[in-house]
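Trainee: So that we are looking at the same thing, I have put the structure below in structure tokens.
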Amino acid sequence: MIKKTAMVTLMVMVVEDPPPIAYDESPPPTPTPVFDVTSALGPLATQDDDFVKKLQAHEANGTLTGGLGRGFVSSPSTYSSSPFRVRDADLLRQSTQRRKTSFRRRQTLREAGQDEANRRGRIVEVIAERQQEEQQHDISNFEGGIDGRFHSRRPRSSAMRVFYPQPDWRPVSMRWPYLSILILVSVGLAGGSGLTYRVYGDKPLVSFTSAVELSTSLYVAVRFAPSICAVSYGVLWQLVDLDVRRLEAFHQLSRQGGAEAAASVNVDYLTGYTLLRPLCALRRRHYAVAISSLAAIMAASLVPTLAVASIVLTPSRAERRGDPAALKMLRLSATWSHLLTATLVACAVAGIGLLWILRSRRSGLLADARGIAGLASMAVVSHILMDFRGLDTASLGDIHHRLKRKRYVLRNSSLAPLDEVGRDEDENDDYDHDDDDDDEKVDDSGKPPSESPHPLILRPIGWLPFLAGSVALMALMPTMLFTNADIVLDRAPWAATAAAVGLKLSWNAMETAVRVMEPFYILSRRHAPAKTLLLDYTAQPFGWLPARALLNQHWLMLAVGVGSLMIEFLTILVSGLTMVDGQELAARKKAADTGQETPRSFFSSLALCEAVLFYTFVIGAVVFVRRRRAFLPRQPTTMASVLAYMHQSKMLYDFVGTEAMSEPELGRRLSLLGKTYGLGWFRGRDGQTHCGVDEEELMGSYRHGVDDSQRNQPWNTAWDVF
């Protein structure tokens, strides 16, 4: 049997220096990776207790074991083609010729080499030739003219600089075809809005005496087309915004000089205040997030409201009641129509800016990093896990204060502290830290400081106004239609649509919170299957979420996804009810002549509207009841928060060597292991008690406010937990 001391020596993996993006000299030969024989030993017997204690001592001293932190290993299979070699002078000349029409400054050798590697998709080796002086002093000033042959005979030294192609995977919504189509749609809608007002500014869109006179196609076009176009347009922008916010941290980490934790692993763009998100992104100089968030807010809230407000039914409701047989006309409001056109133009400009930003940078990802397993695969290569020691149950603010000055980098689908991979001296820091000295008073996450493990919308301060708003809108719709309060809809028909849009934004915030928390809720129930580690509902596009939840048999997530589809129709239904005289329709007095609705269409729309509002209230109440209990120490809304949950997990041994695997390959590997997982208290690799996500069996489930690591020290435990 191999001696335990030798086994411990083999267990300690040496962190290899990763291949940086460029070498100033010839790259050193890659050392042969150390083989970890402990992976083949199987279950440890009783006589190996001393060996286990030694391993735990290594972990406690900050030395990773079992292949963790082995460093970047350049696999030959990563780049199938042979390297492309070029001299530095030729490379710079070719780069200048390709960019001779550009106003950019001349590229440096590093920029040109990196661009060439990205353009070719293969390794580029640049031979940098440097002339050496034969003498210490230059006496050419005393020689007169210089013979060119003299310089041709001067010795030269060559230095090899190697550039690796940067990965650039991105979802469909962030690729140029989708963004180009979105820009064209924005321009088309803006042009259509402006042209429609130019043609129909002085004459009505439709004239009728009774709604029954309208044909079916004309009725649908007048009744539903503007709202359907506006709502669909908002959904298209929301798809882009979700992916940009979700992947921004990975792009920041993949930059040449990496990124500080405050601008990457500590960033939360999924939850928080929607209206304040662009300001938070601008403060961090994350311009892609700022543009996409601002455009999504305008497209999802302003465009539907302005589309409804721009169409006005004349004459007034009082005049229609006095003379039901009077000619009724749908006209365009000059003010609201111009505002709608301006908003669409602003969205088009935002789309152009976003396309330019995304096309000018690389994503840094080989594939989509989904769920807990995606981050685990990225974190096992380096010693980044050591930065999270003692942060098992820390709040988001504590994690931020610990890591905010540290820099991290994403290379070869692996996360690492920047000091492990080096930093170029000419790399500028784009993040402004002038205000970070006040972080003890101001939370950098964009949300008010709180120790609650739930997002704002899942706390009483968030879900009580949401439920109250649902009930209020459910009661106000009949009130404003069948009582004298209908004067509100007569003078401000857009008010009801704005209320519906506000309720939709609140529902979307609740849906996002449930998406983020769902995998951890399943883990908190213990013995979850391996596919839970790959579960990431935040990456599911609009419309596909209910189908995915149905396949996974996650019924509450299914109900929330269906509610998201239904609440999009709420804006369409409400917009048509604002131009109807409900009192006349209810009294059945010349009901067909009081607006643009027939009795059947009116009551059908009202019933559907009330049904959607009732559904949102019921499902919202169920969500808040089922998720009211705190089942984890803090919100898993940042990369740092998730990494802190598993920095001492034994399950990380199973992720060694998986950083280049795709999601299906990683899923098959975890399934073959046959393990189950949970969230709670467990014995870590260092032998200490930790709280987080690990393979079963755990020591116990998590109870909020109870520190089970002190279970054997009752004198350190508050008396009220017994």
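Trainee: Rounded to the nearest 0.05, what FRET efficiency do VAL618 and HIS704 have when you use their Cβ-Cβ distance and R0 = 25 Å?
Mentor: 0.40
Trainee: Taking 0.36 nm per intervening residue step and subtracting the Cα-Cα distance, what contour gain separates ARG683 from ARG491 on full extension?
Mentor: That works out to 62.5 nm of additional length.
Trainee: Okay, moving on. At 7 Å along the Cα-to-beta-carbon direction for both TRP169 and LEU556, put a label point, then send me their distance in nm to one decimal.
Mentor: Distance between the two pseudo-spin positions: 3.0 nm.
Trainee: Taking neighbour counts of Cβ atoms within 10 Å as a proxy for exposure, in what order, fewest first, do SER217, SER210 appear?
Mentor: The most exposed by this proxy come first: SER217, SER210.
Trainee: Further question: Which ordering of ILE372, ILE181, ILE619 is given by a fewest-first count of other beta-carbon atoms within 10 Å?
Mentor: Fewest to most other Cβ atoms nearby, the residues stand as ILE181, ILE619, ILE372.
Trainee: Test of understanding: what is the full-extension gain from ALA547 to ALA325, defined as 0.36 nm times their sequence separation minus their Cα-Cα distance?
Mentor: Additional length available on full extension: 75.0 nm.
Trainee: When the C-alpha atoms of region 278-429 are aligned to their principal axes, what extent does each axis show, in angstrom, from largest down?
Mentor: 80, 37, 27
Trainee: Set the Förster distance to 51 Å, then compute FRET efficiency between MET386 and ARG359 from the Cβ-Cβ distance, nearest 0.05.
Mentor: With a Förster radius of 51 Å, E is 0.85.
Trainee: Next up: Can you give the charge dipole size of region 168-365 about its Cα centre, rounded to the nearest 20 debye, using +1 on the beta carbon of Lys and Arg and -1 on the beta carbon of Asp and Glu?
Mentor: Charge dipole of region 168-365: 240 debye, to the nearest 20.
Trainee: If you don't mind, there's one more thing I want to ask. Would you order PHE603, PHE655, PHE224 from fewest to most other beta-carbon atoms within 10 Å of each residue's own beta-carbon?
Mentor: PHE603, PHE224, PHE655
Trainee: In whole percent, what relative contact order does region 168-365 give with Cα contacts below 8 Å and a gap of six or more residues?
Mentor: In percent, rounded to a whole number, it is 40.
Trainee: How far is it, in nm, from the label point at VAL625 to the one at ALA221 when both lie 7 Å from their Cα along the line to the Cβ?
Mentor: Computed distance between label sites VAL625 and ALA221 equals 4.8 nm.
Trainee: Oh, and also: In nm, to one decimal, how far is the SER452 label point from the ALA318 one, both placed 7 Å along Cα→Cβ?
Mentor: 4.6 nm
Trainee: Need one number: the % of Cα-Cα pairs in region 168-365 sitting beyond the 24 Å mark.
Mentor: 50 percent
Trainee: Moving on. For LYS328, what residues show an amide H to amide H distance below 5 Å, using hydrogens built from the backbone and excluding near sequence neighbours?
Mentor: Excluding prolines and chain starts, which carry no amide H, the hits are PHE208, THR209.
Trainee: For the pair TRP176 and ARG600, what calculated FRET efficiency results from E = 1/(1 + (r/R0)^6), where r is the Cβ-Cβ distance and R0 = 41 Å, to the nearest 0.05?
Mentor: 0.30
No lab work stands behind these numbers, since they all come straight from the coordinates. As the structure is a computational prediction, the values presented were derived from the model and not from experiment. Counting neighbours? That spans all protein chains shown, and the Cβs are built from the backbone with ideal geometry, glycine included.
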